[in-house]
Every structure is written in structure tokens, then in C-alpha cells.
Number of protein chains: 2
Amino acid sequence: MSEIESLISLGRMVDPIMLNYIEKAELRFIPILKHQILAGGKRVRAALTILSCETAGGTPSIALKPAALIELIHNYSLIMDDIIDHGELRRGKPTVRAKYSDAMAILAGMFYREALDEIVDDCPKPFEMRKLIRNAIKETIEGERLDILFEQAGREEEYIKKHKYTNVSLNLYFKMIGKKTAALIKAACTAGGLAANASNEAIEALGAFGWNIGLAFQIVDDILDIYGEKTGKEKGKDIIEHKLGNIAILFSLKELNTKEKVELLNMLRKPKISKMDLNKALKLIENTKAKEKAYNLGRKFINEGKKALLSFQDSEAKSKLLSLADFILNRAY
Amino acid sequence: MSEIESLISLGRMVDPIMLNYIEKAELRFIPILKHQILAGGKRVRAALTILSCETAGGTPSIALKPAALIELIHNYSLIMDDIIDHGELRRGKPTVRAKYSDAMAILAGMFYREALDEIVDDCPKPFEMRKLIRNAIKETIEGERLDILFEQAGREEEYIKKHKYTNVSLNLYFKMIGKKTAALIKAACTAGGLAANASNEAIEALGAFGWNIGLAFQIVDDILDIYGEKTGKEKGKDIIEHKLGNIAILFSLKELNTKEKVELLNMLRKPKISKMDLNKALKLIENTKAKEKAYNLGRKFINEGKKALLSFQDSEAKSKLLSLADFILNRAY
């Protein structure tokens, strides 16, 4: 098992805990509720909570429920996002909505929210933990709201057509990915610190680590959702999905001349993007230095995150956290 | 102002509290979040919480946040139900999803869940209150799941077509409405008792009151959703929506001969029900004693509920609770 596989198997320890809370339901509802968890996932957030707890001097066992809590929030948001985006597949398997209907998926998502409420009561520092996750979920909702409004086509509803952003600044992009992705990853590390009963300074340092690697995480996802390398991800996925809120597209637009810029934007705004359109858009993007710039930006955040851990004593857990940060960046290459 | 209008205006006291928690969001999200609350509603559940608290010896002011909490749960479930049922109008106004898209409505619903989590922290007995509402929400989810599977047509997804109930016993019907409707009304009354710091016996009595009038509430709704009297409700609404989980339909099926029974069931199972079908179905139902039987059943539960209040000292609040119970029944006539 590679180092990274062993890190991830650490996160998998939360699966039985998540299932335990999810299964407190009517017999016929349970397969629907379990589907999202059984469909897999890297459990990176759970590993972050456990390792953050250990880095701050706690035992891993005290962090298991908080880790399950964070991972369940992530899966809650995935169920709901798949409904919002009419997603058919995730990690090569049918989404909850694709397999069981939008109606059942909404009810499953709502049930996840109650199950995670129950986990909080069984966590150390439930009051602080609850406030932490409530704010993280609110941030995630707001990030998803912005991400939807950054789409350039593909939704027919009047409200969305009227309120979509036709221009996304880098500032606004960072605001969106901070909320959509980094807020929960920050919460994962903060929850570990809370579980370890760490000092406010230590908790803040872990939070800064999580925030920065969370931003890098989304930047790398953006790279993969355009260039589609190495992973099972579809090349040009975010173009097909009309997304302007992707760092590679935003960096490309900054570099292209006016004619090319209009061409790329028009492509994103086509109701249906043909294979030929997609290749044209990819060529425009690939002729810029967007990928390199995005990668450098991701690295900058990873390094910033690592710096936040300097105040902690060296330990096995800390070095695993640092490896996990590198892994996040290296997914792209 | 009639007595019942004054009861309802009592419930309206929670509107500013709900709005206060709902408005802790990004500026552009707020109109979407406020829509469901501003669209109105009778606030019966909030009135029940406040009056239950007073009946158990508490002041009305201590019950305001718990009442807002319960009313917000109700509105959370309405937002989600309208997405599930593709609802266009509610109380004559566009639903959140119709006005702002399914995507925004899902995010609004999720935000409501966080807002109500925040209210709990500001309620008396937050730990007990939280457990109470978590269980009530879980019940509501399960009730909605059953209600969907009691539909005889109208949903295309394989899972639902395969798992729908072709036969609904009265027992199963009571299970469904208990969860879908009575559980939250019971919680409304229980929350009032908790806020009043009442004895376990008093809280249980209030819960029994809420449970019984909650069952009656849904039975009366069922009557209105078939016969459509007095209210703005569409005559035959539940037939158009293919619902087998309606007491008037279930009582009719018990009374009809085999041929008529098959006819009515076939009507409910038509993908699209014409005006002529609807009239035929209504005629079949109106030729039975279903309405009278349903009404008698509702009255039985109302009386059962009233009996649960016998142990409380007479008071203005108690007599208002009793009036509210009568009002629930009289909506139908």
C-alpha cells in the first residue's frame, strides 16, 4: 500500500460510523440512504480531521465521530448537488437521484442532515462542533449558489438566466471556491483541533492549513475538469457544463485576445456544446499558459497551508498531513 | 376579528423571528429565502406551541422561539415537498421553485435547516428541543416517502414505479399521516410544554393532544383535497395527483362493488386524468358515505385530543387550544 493509499484507508475508518447513523431509518429507505456512502470516495476530509486531531496532540479515536460528521456533510452536499446538476454518474456509479429518483434523493439528503445532527450530540465539544458545522454548511450552500450563477448556459429558469454572472473576477472566483470547497475542508481540520481540545492558536493554525489546501483542492479539481488528466474525469467537463467559475478558463480569458475571448465565451454560452465546439474551446485554452498558472497558484496555496503547520511539533501525524497536502496538488500531474 | 382570526394572528407573532434567522445570508440570496415565509400561511403550528406553553403554565414570550422553530420546520418541508411534487402554486402564489428554480429552492431548503438549527440554540432546553425536532423532521421525511409511494401514477422513475404501493390498508394510511402531518403537530405542542418547563406528564398530555388533532388535521385536508369545499382548494386535487393515500378514497374503495372499485383505481392509475375521468371518479366517491365517515373519524380524533387536555386547569389559553381543535375540524364544513 502506498503512503497515500494508507492515508486514505485512514479516512475509511469512518464508514461504519456513518452507516450506523444513516441506518436509523425504515427498512425500505435504508438502501437509498446507504447508496451514497457505499459508492465510495477518497474520504480525504475524514483523514484530515483524524490527522489534525493527532497533530494537535489528541488520540485518533477521539476524532472518529467528528471525522464521520465532516464526511457525512460532504456526502450530504454531493446528494443535493447531483439533484441540482441532474448528475447521472459519480465515480462511475449512478448517483442517488439517477438510481432512486430526484424525489427519493431529496428525502435522503434531508435525512443525512438529521443523521449528522445526531452525530454532533455524540462528539466531543458538541456545542462548538455544532456551530462549526452549521457555518460550514451555510458556506457550502452559498458557494453552490454562486457556482450555479457562474454557469453561462444550460438552465432554462427565468430567474437564473436573469441573474447569472456574465463576468467573474478572480476575487469573486476565490469567494466562490472558498465557500464551495475550502470552508468544509477548513472545518475538517478545525474539528480535529476541537476534538483534541487544542488551544485556540492551534485550532486556528489547523484551520489556516485546511483553508489553504482547500483552495488548492478546488483549483486542482478545476484543472482536472478541463484537461482531464490521469483521473477518470472527462476532458473538458466544465466547458460542457458551461462553467465560467473555473480557474483555467478565467486565466485563459485573461490571456486571449479580444476575438478569441469572445469566441471562448460564446462557446460556453451555447445551449448545447458540440464535440467540435469543445475541441475548439480546448485548443484556445491549451494555447495559453492557464494550466501552468493554475498549477502555480495551487502550489502557492499548498505551501501557504504547510507554513501554517510550522508551529506544531514534528510527529508522524504532522508529516502525514504534509503528505496529504502534496497529494492534493499532485493529483493534477 | 373572529376568535379564530385572533388565534391565527397569535401564530403570526413568529414571522419576524423566522425572518430574523433567515436573513443571515448573502444579500442576493435573501429574497429567495424570504419568499416562502412572506407567501403566508395560517401559522397554526406556532399558535399551538404558544398556547400549549401557556396551558402548561408558561408565559407566551418564552414560547416564541420554539414556535418560530416549529413553523420554520413546516416551511422547510413545504419548500422541499414543492420540489418533489413539481408544485407551481401554494396559497395562490408561485412556489419557491416555480419562482426561483428547483436549484435555488433546494439551496433555500437546506439553508432553512441551518437557520432552524440556530434557533434551537436560542430556545429554552436546547438539548431536549433539538432531539424533539430532529425526530419530528425524520418522521416528516418518512411520511413524505410513504405518501409518494402511495401515488398510483405520475412519476416516471423506475424505482418509484417498481416500489409503489398498489394497495394501502387503513393501518398503513394512519402510519403515513401520523408521520407526514401529526408528528410535527405533536412536536409543536410538546415544544410548548418543554418551554413551559412542564412535568413529563403534562408534556405527554400536550403531545397526545397534538398527535390526535394532527391526525384530524390531515383527515380534514384529505376531505378538502377531494370535495374541495369552502377553501380555495381544487376539487379532486388528490385524484389528479394520483393519490391513494387519501382517507376519502380509501373509504370509498371499501364501499364500492368490485367493478366500481377497479374503475376508480384505474382512474388513479391513468398517467393523465381528463376532466371527464375526474368527474367520473368524483361521482363514484360521492355516491359512497366516504365523506361522512371521514368526517366522523376526524371528529373522533378531535375529541380524543380534547380529552388529553382534561388534566390541565381551565384557562384562557386552554380554551383557545380547544377552539383551535374545533377549527381544524370545521374547516371541512
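The values are calculated or read from the model by the stated rules, or taken from the named source; none is laboratory data. Everything quoted here is computed from the prediction, not taken from an experiment. Note: ideal-geometry Cβ built from the backbone for every residue, glycine included; neighbour counts use all protein chains shown.
Could you say whether any residue in the stretch B:94-109 is closer than 23 Å to residue B:50 by Cβ, buried (at least 21 other Cβ atoms within 10 Å of the Cβ) and modelled with pLDDT of 95 or more? Working first, answer last.
Within the stretch B:94-109, the subset closer than 23 Å to residue B:50 by Cβ is none.
No, every residue in the stretch B:94-109 fails to be closer than 23 Å to residue B:50 by Cβ, buried (at least 21 other Cβ atoms within 10 Å of the Cβ) and modelled with pLDDT of 95 or more.
Quick check on the stretch B:242-256: of everything there that is charged (D, E, K, R) and surrounded by fewer than 20 Cβ atoms within 10 Å (Cβ to Cβ), which residue is nearest to the chain's Cα centre (by Cα)?
Among residues in the stretch B:242-256 that are charged (D, E, K, R) and surrounded by fewer than 20 Cβ atoms within 10 Å (Cβ to Cβ), the one nearest to the chain's Cα centre (by Cα) is B:254.
Cβ-Cβ distances below 7 Å connect the following pairs, each with a first residue in the stretch B:139-153 that is within 10 Å of another protein chain (Cβ to nearest Cβ) and under 13 Å from residue B:180 (Cα atoms), a second residue that is crowded, with 22+ Cβ neighbours inside 10 Å and among the aromatic types (Phe, Trp, Tyr), and a separation of six or more residues or different chains: B:141/A:111. Might you check whether a residue that is within 10 Å of another protein chain (Cβ to nearest Cβ) and either surrounded by fewer than 23 Cβ atoms within 10 Å (Cβ to Cβ) or part of a helix (DSSP H, G or I) (or both) occurs anywhere in the stretch A:5-24? Looking through the stretch A:5-24, at least one residue is within 10 Å of another protein chain (Cβ to nearest Cβ) and either surrounded by fewer than 23 Cβ atoms within 10 Å (Cβ to Cβ) or part of a helix (DSSP H, G or I) (or both). Among the conditions (1) surrounded by fewer than 19 Cβ atoms within 10 Å (Cβ to Cβ); (2) touching a helix residue (DSSP H, G or I) at 6+ places or on another chain (Cβ under 8 Å), residue A:259 misses just one, which is (2). Within the stretch A:160-170, restricting attention to residues that are closer than 19 Å to residue B:98 by Cα and more than 9 Å from chain B (Cβ to nearest Cβ), the residue that is surrounded by the fewest Cβ atoms within 10 Å (Cβ to Cβ) is A:162. Scanning the stretch A:25-44 for residues that are within 14 Å of chain B (Cβ to nearest Cβ) and surrounded by fewer than 19 Cβ atoms within 10 Å (Cβ to Cβ) returns A:26, A:27, A:28, A:30, A:31.
Every listed requirement among (1) within 27 Å of residue A:102 (Cα to Cα); (2) at pLDDT 95 or above; (3) crowded, with 16+ Cβ neighbours inside 10 Å is met by residue B:90 save one, (2).
Out of (1) buried (at least 19 other Cβ atoms within 10 Å of the Cβ); (2) within 11 Å of chain A (Cβ to nearest Cβ); (3) touching a Ser or Thr at 6+ places or on another chain (Cβ under 8 Å), what's the single condition that is false for residue B:157? Looking at each condition in turn, residue B:157 falls short on (1). A Cβ distance below 9 Å, combined with a sequence gap of six or more or placement on separate chains, defines the contacts here; from the stretch A:32-57, residues that are more than 30 Å from residue B:160 (Cβ to Cβ) and in contact (Cβ under 8 Å) with a residue 40 or more places away in the chain reach residues that are of a type in the set (Ser, Thr, Tyr) and buried (at least 24 other Cβ atoms within 10 Å of the Cβ) in the pairs A:49/A:190; A:52/A:190. When B:213, B:203, B:133, B:141 are screened for being within 22 Å of residue B:65 (Cβ to Cβ), β-branched (Val, Ile, Thr) and buried (at least 23 other Cβ atoms within 10 Å of the Cβ), only B:133 passes.
Which one is nearest to the chain's Cα centre (by Cα) among residues in the stretch A:42-95 that are of a type in the set (Asp, Glu), within 25 Å of residue A:149 (Cα to Cα) and in a helix (DSSP H, G or I)?
Looking only at the stretch A:42-95, we keep the residues that are of a type in the set (Asp, Glu), and these are A:54, A:71, A:81-82, A:85, A:88.
From the residues that got through so far, the ones that are within 25 Å of residue A:149 (Cα to Cα) too are A:81-82, A:85, A:88.
Still in the running and in a helix (DSSP H, G or I): A:81-82.
Numbers: A:81: 11, A:82: 13 Å.
Step by step, filter the stretch A:42-95, then rank; the result is A:81.
A count restricted to the stretch B:268-323 and to residues that are closer than 30 Å to residue B:201 by Cβ, charged (D, E, K, R) and either under 20 Å from the mean Cα position of the chain (by Cα) or buried (at least 16 other Cβ atoms within 10 Å of the Cβ) (or both) stands at 6.
For the stretch A:113-138, filtering for residues that are within 20 Å of the chain's Cα centre (by Cα), more than 10 Å from chain B (Cβ to nearest Cβ) and not hydrophobic (A, V, I, L, M, F, W, C) leaves 0.
Mind checking whether some residue in the stretch A:154-167 is at pLDDT 95 or above and either closer than 30 Å to residue A:28 by Cα or within 21 Å of the chain's Cα centre (by Cα) (or both)? Scanning the stretch A:154-167, I find no residue that is at pLDDT 95 or above and either closer than 30 Å to residue A:28 by Cα or within 21 Å of the chain's Cα centre (by Cα) (or both), so the answer is no.
Considering every residue within the stretch A:18-36, establish whether at least one is out of contact with any strand residue (DSSP E or B) (no Cβ under 7 Å at 6 or more places or on another chain), closer than 20 Å to residue A:308 by Cα and not hydrophobic (A, V, I, L, M, F, W, C).
no
Output the residue which, of all residues in the stretch B:80-104 that are touching a His at 6+ places or on another chain (Cβ under 9 Å) and closer than 21 Å to residue B:16 by Cα, is nearest to the other protein chains (Cβ to nearest Cβ). By that ranking, first place goes to B:96. Within the stretch A:47-68, the presence of a residue that is at positive phi and touching a Gly at 6+ places or on another chain (Cβ under 9 Å) is excluded.
Looking at the stretch A:222-276 only, could you name the residues that are among the charged types (D, E, K, R) and outside any loop (DSSP other than H, G, I, E, B)? Step through it out loud before you land on a result.
Going through the stretch A:222-276, the residues among the charged types (D, E, K, R) turn out to be A:222, A:225, A:229-230, A:233-235, A:237-238, A:241, A:243, A:254-255, A:259-261, A:263, A:269-270, A:272, A:275.
Listed by number, the residues that qualify are A:222, A:225, A:237, A:238, A:243, A:254, A:255, A:259, A:260, A:261, A:263, A:275.
Counting only residues that are more than 15 Å from residue B:40 (Cβ to Cβ) and among the polar types (S, T, N, Q), the stretch B:85-108 holds 1 of them.
Take the stretch A:229-250 and flag every residue that is over 20 Å from residue A:272 (Cα atoms) and at pLDDT below 95. Working first, answer last.
Within the stretch A:229-250, the subset over 20 Å from residue A:272 (Cα atoms) is A:229-232, A:247-248, A:250.
A:229, A:230, A:231, A:232, listed by residue number.
For the residues B:325, B:317, B:308, the requirement of being touching a Pro at 6+ places or on another chain (Cβ under 9 Å) and under 30 Å from residue B:60 (Cβ atoms) singles out B:317. Among the conditions (1) buried (at least 16 other Cβ atoms within 10 Å of the Cβ); (2) within 18 Å of the chain's Cα centre (by Cα); (3) over 30 Å from residue B:128 (Cβ atoms); (4) not small (Gly, Ala, Ser), residue B:186 misses just one, which is (3).
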